[in-house]
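A quick write-up on the structure given underneath.
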Amino acid sequence: MKLLENKTTLVTGATRGIGRGIALTFAKQGSNVAFTYSSSVEAANELEKELMDLGVKAKGYQSNAANYEAAQQLAADVLKEFGTIDVVLNNAGYGVDGAFEAMSDEVIEKQFDTNVFGLMRVTREAIKAMRPSGSGTIIQISSMGGKITFPLYSIYHATKFAVEGFTESLHYELAQFNIKLKLIEPGPIVTDFYGRSRQFIKPDYTSDYDMFISKFNAAAEKVMKEAEGPEVVAKTIFNAATDNSNKMRYAVGKPGPMLLKLRKLLSDKFYFLLVRKSYNI
């Protein structure tokens, strides 16, 4: 018997990258898959067919969980179609980076709407679905950027620190219902995060940041050359969903786990020096 046979998994943001990888991984282990997408109907239809070809029930929902009513409707639709929600993977998210000085309120609010409030709204509806059955697993895609920081990612880091704190606190109140919470903390991973999903903000009224940004981007490009693919994250997520443990945090993607350990060991002074040296800033 497959590990997730007859289970239903809801994956947000599943048409590419990590979300797509985990949808396929879970389906291969017998899980029915409900997933969300934002705009690409063609990609959603392709994924839906690919999942059903693996012998499971699958359906895509065009939904913006950052909206309160949309999150409620999503949960209701999935329960009506599948009857249960056993695992939720909060994967939808993107990265804003650049000079904070140049970021508008709209940019900041949109980043929080997707990375934090959307995640919270899906989590809230998942709890309502899981609590009566006395079981369930909610997996949040955080980041090593929820525990450590790098230049030019102030707003992105703020959202991921929020996800870490929210999830850690929430796990206390959900333990009584046997609902497990998991945090996945990827390091650099080859996905659209650094491509079409990236939103870079640069002041158009001053060149004062240009040298800093240039040095940062050059160093970041070197790091990404060594980055692993989304399949390593999918494997870690599957382990988190099936290891039946109370472990909460799962670091993955070199050099993420090593950097997280260094941050615990080093003082602020030496960690900041390490980052500055790494980025030549």
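Some notes on this structure:
- Matching residues, segment 249-281, being over 18 Å from Gly21 (Cα atoms), in a loop (DSSP other than H, G, I, E, B) and touching an Asp or Glu at 6+ places or on another chain (Cβ under 7 Å): Lys254
- First in segment 53-66 and more than 14 Å from Val41 (Cβ to Cβ) and of a type in the set (A, V, I, L, M, F, W, C), second anywhere and modelled with pLDDT under 95 and part of a loop (DSSP other than H, G, I, E, B), Cβ under 7 Å, 6 or more apart: Ala65/Ala92
- In the set Tyr156, Tyr205, Tyr194, only one residue is more than 24 Å from Leu119 (Cβ to Cβ) and either modelled with pLDDT under 95 or surrounded by 21 or more Cβ atoms within 10 Å (Cβ to Cβ) (or both); that residue is Tyr205.
- Residues located in segment 49-71, provided they are at pLDDT 95 or above, more than 19 Å from the chain's Cα centre (by Cα) and either hydroxyl-bearing (Ser, Thr, Tyr) or under 21 Å from Ala126 (Cβ atoms) (or both): Leu51, Val56, Lys57, Ala58, Lys59
- Checking each residue in segment 84-110 for being under 27 Å from Val233 (Cα atoms), part of a loop (DSSP other than H, G, I, E, B), of a type in the set (A, V, I, L, M, F, W, C) and modelled with pLDDT of 95 or more picks out only Ile85.
- Top-ranked residue in segment 127-164 [being assigned to a loop (DSSP other than H, G, I, E, B) and out of contact with any Asp or Glu (no Cβ under 8 Å at 6 or more places or on another chain); ranked as nearest to Ile85 (Cα to Cα)]: Gly134
- Taken over segment 30-48, the criterion of being modelled with pLDDT of 95 or more and in a loop (DSSP other than H, G, I, E, B) is satisfied by Gly30, Ser31.
- If you go through segment 246-280 and keep only what is modelled with pLDDT of 95 or more, small (Gly, Ala, Ser) and under 27 Å from Lys182 (Cβ atoms), you end up with just Ala251.
- Hey, Thr15 farther than 18 Å from Val116 by Cα, more than 21 Å from the chain's Cα centre (by Cα) and hydroxyl-bearing (Ser, Thr, Tyr) or not: no
- For segment 85-108, filtered to residues that are under 30 Å from Ser133 (Cα atoms) and small (Gly, Ala, Ser), the residue that is surrounded by the fewest Cβ atoms within 10 Å (Cβ to Cβ) is Ala92.
- Breaking point among (1) modelled with pLDDT under 95; (2) aliphatic (A, V, I, L, M); (3) part of a strand (DSSP E or B), for Val233: (3)
The values are calculated or read from the model by the stated rules, or taken from the named source; none is laboratory data. Quantities reported herein were computed from a predicted structural model and do not represent experimental measurements. All Cβ positions, glycine included, derive from the backbone under ideal geometry; neighbour counts span all protein chains shown.
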